[in-house]
Amino acid sequence: MKNQNIKFLIIVIIIIITVLIALICFLHIQRNNQNTVDINDIENDISYIQGPLKQEIENLEYNSIEYVHVTNQQMAEKYFTNYKQLMINNLEQAYKLLEKEYQTKRFSTYEIYNEYIQNNISYIKQAVPENISIRDYDDYKEYTCKDQYGNIYIFKETAVMEYTVQLDDYILENEVFGEKYAEVNGRDKAILNINKFFEMLNMQDYASAYGVLDESFKQNYFPTQQQFEEYMKGKLFRYNHVTYNSYSEPVADLYSFNLTISDKAKQVQETIDFNIIMQLQEGTDFVMSFEVS
């Protein structure tokens, strides 16, 4: 009981000290008609305090201020950790932080988002940011983090610890992708599109992946999205890593690639041979097909 009384007394003293220093700052501002306060003035005013309270103030380090510089890298890691904990412990708040247009297009209901998180919770708990990039815009700063599975987290910061989130970079294409896409040749455009296709699969976004398939290919092999989803789940890994083996010069605007697909989560040692045919369209649009076996 005695220890509890001592702890309570210390808390009260700290509160008194904090209020006292704030009051001194306010009086200096009022007296000198200025917006800042000289720390020496505060120390002089505190020097008039006598007794136990003076001793407590002297013992505490309230008169010194340590400025800590937080780097962009550290801030990105902070956002990643913060949002990861929300996905694990406070899913409703995590859902609210999704960028609104992105939320509407990718996770139109909380139930869809909840199902995605629950299906991947074991990977989310293990996720760490391996690659980080930062880009400044007029109204916000954008932090892009990629974890060890290739999952992308885009944080748009408008103020410290005020941000929205996107969980991929293909639903809402940003300026960086558009600029890069415009600069490269047809072969590299096709590669960017293949990477995007596998990002959709790794995100379990089968609606988007199904949407980029050539219409005649879909009619012949996967008349429904459910058939496509079942095939891809049986054919590929949970997280797929793409290695480009060979490429054929385009014939009638069709680019052909032979790929090796391996397990990015490294749970399975086997690899899969995968052949893709890509057709570029206007802007960043494309359609594609692949060898079905």
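The numbers here are math on the coordinates, done by the rules we state, and not lab data. Here the structure is a predicted model, which is why all the values come from computation and not from measurement. A quick note on method: Cβ atoms are made from the backbone with ideal geometry, for glycine too, and the neighbour counts reach across all protein chains shown.
Within the shell of other residues whose beta carbon sits under 10 angstrom from the beta carbon of Lys196, the net charge comes to -4, with Lys and Arg scored +1 and Asp and Glu -1. For the stretch 181-246, the alpha-carbon radius of gyration amounts to 1.20 times the rule-of-thumb value 2.2 N^0.38 Å expected for a compact globular protein.
Altogether, the Stokes-Einstein calculation at 37 °C and 0.692 mPa s, with the Kirkwood radius of the stretch 124-253 over Cα pairs as Rh, returns a diffusion coefficient of 194 µm²/s.
Over every Cα atom in the stretch 204-293, the radius of gyration and the widest Cα-Cα span, Dmax, amount to 13.6, 40 Å. In terms of Cα atoms, the Rg and Dmax of the stretch 72-172 work out to 12.7, 37 Å. Cross-link partners for Lys78 among the aspartates and glutamates, with Cα-Cα distance under 15 Å and sequence neighbours closer than 8 places in the same chain left out: Glu130, Glu142, Asp147, Glu157, Glu162. Using the Cβ-Cβ distance between Val70 and Lys266 with R0 set to 30 Å, the FRET efficiency works out to roughly 0.35. A 22 angstrom limit on the alpha carbon distance is what I want to check against. Which of Lys96/Lys266; Lys180/Lys266; Lys235/Lys264; Lys125/Lys235; Lys146/Lys180; Lys100/Lys218 exceed it? Over 22 Å Cα-Cα: Lys96/Lys266; Lys180/Lys266; Lys125/Lys235; Lys100/Lys218.
Look at where the Cα atoms of the stretch 204-219 and of the stretch 103-159 average out, and the two centres are 24 Å apart.
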